[in-house]
Structures are given as C-alpha cells and as structure tokens.
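To keep things clear, I will list the structure first and then write my remarks on it.
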Amino acid sequence: MTDNPIASPARHFRGRSEHSLDGKGRLNIPTRFREILREHYDERLMVTPWHQCLRVYPVAQWEELERNLLANRQSQPHMGKMIRYMLGGVVECPLDRQGRILLSPKLREEGGLAGREVVITGVMTYFEILDKQTWEANNKPTAADFADFEVSLLKSGLL
C-alpha cells in the first residue's frame with residue numbers, strides 16, 4: 001500500500017455495535033465498515049484470533065502487517081511464536097451479498113466467541129469481534145478507568 005492509512009481518517013474503522021451470530025456462524029458487518037471497505041479496499045477480510053477476540057483486517061492492511069512482521073522478526077526473534085500464531089490462524093472471510101462473513105467454529109473457538117452475542121468495535125485500521133460477555137467483563141470502562149484515561153490524555157497534551 002502506498003499511502004499511510006493512519007494519515008487517512010476516511011479509512012478508519014470507528015464505533016462499536018452489538019450483533020448476533022446466526023446458527024451457521026455468519027455475522028453482519030456494520031454498514032459503516034462495509035462502506036469503508038467498498039470505498040478504500042475490497043470486500044475480502046482477513047480474520048485472525050487474538051487475545052480473547054478476533055481481529056479483522058482488510059486484505060491490504062493485513063498484507064502490510066505481514067510485511068512488517070516479517071521484516072522485524074530478525075531483530076526481534078521472540079516474535080516468532082506470535083507470528084506463527086497470527087499467520088497460521090488467519091482465515092480469509094469475504095463479505096457475502098448480505099454484508100456478512102462466515103466465522104468457522106475453529107475461529108469462533110480461538111477468538112473466545114462462546115455465545116451468539118458479539119460486540120464489533122473499530123480500532124482505526126482494523127476492527128475486533130468480541131464475545132459480548134467478555135467485552136462487558138474486560139473492556140467496558142469503569143468510573144476509575146475514566147480518571148486514569150483523563151490523566152493519560154492530560155500527560156499526552158491531548159486535553
């Protein structure tokens with residue numbers, strides 16, 4: 001990819017929404033994310049398991065990540081296990097005509113998707129799919145978290 005996606009906010013996946021997997025493991029991708037894919041990428045997604053979730057990348061973003069991982073593996077040999085896990089577990093999941101992707105039972109298991117209810121959250125250049133209960137237990141901010149967030153933002157000069 002020639003231009004930096006972080007410098008291109010129109011390409012960012014933003015927002016969070018709740019969805020349900022159907023009986024076959026299909027998941028509707030939010031319309032705003034599908035629009036970004038259609039306008040800036042294509043409708044092929046690379047899905048890889050990651051710490052209690054699935055990370056979903058447009059193919060171009062995934063290929064850039066692969067290049068960076070492989071380029072850095074010589075200088076950081078401890079990354080080998082992570083690289084094998086991510087690259088070995090990735091699955092291409094194209095959007096179907098209804099804007100859904102099919103998540104195999106193995107992907108759902110490795111991503112910690114125990115139930116049918118999931119949360120999809122944008123993280124700029126990719127998005128994550130988390131089990132709703134996991135999201136609520138581990139990621140939903142508390143009042144104390146916001147106090148920490150504010151301190152961090154103040155130290156960074158962002159507030």
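For this structure, a couple of remarks:
- Inside segment 137-159, residues that are closer than 25 Å to MET46 by Cα and either among the basic types (Lys, Arg) or in a helix (DSSP H, G or I) (or both) make up a count of 1.
- Among the residues of segment 5-19, those that are loosely packed, with under 12 Cβ neighbours inside 10 Å and either closer than 14 Å to VAL123 by Cβ or modelled with pLDDT of 90 or more (or both) comprise ILE6, PRO9, GLU18.
- Residue count, segment 77-108 (criterion: loosely packed, with under 12 Cβ neighbours inside 10 Å and without any contact (Cβ under 8 Å) to a residue 12 or more places away in the chain): 8
- Only one entry in GLU110, GLU150, GLU117 is more than 16 Å from LEU54 (Cα to Cα) and charged (D, E, K, R), namely GLU150.
- Options LEU70, LEU37, LEU54; residue that is within 12 Å of TYR126 (Cβ to Cβ) and either in a helix (DSSP H, G or I) or hydroxyl-bearing (Ser, Thr, Tyr) (or both): LEU37
- If you check ASN139, ASN72 for being among the polar types (S, T, N, Q), within 21 Å of PHE13 (Cβ to Cβ) and either surrounded by fewer than 18 Cβ atoms within 10 Å (Cβ to Cβ) or more than 15 Å from the chain's Cα centre (by Cα) (or both), only one passes: ASN139.
The values are calculated or read from the model by the stated rules, or taken from the named source; none is laboratory data. Note that the structure is predicted; figures quoted are calculated from it, not measured. In this analysis, Cβ positions are derived from the backbone assuming ideal geometry, glycine residues included, and neighbour counts consider all displayed protein chains.
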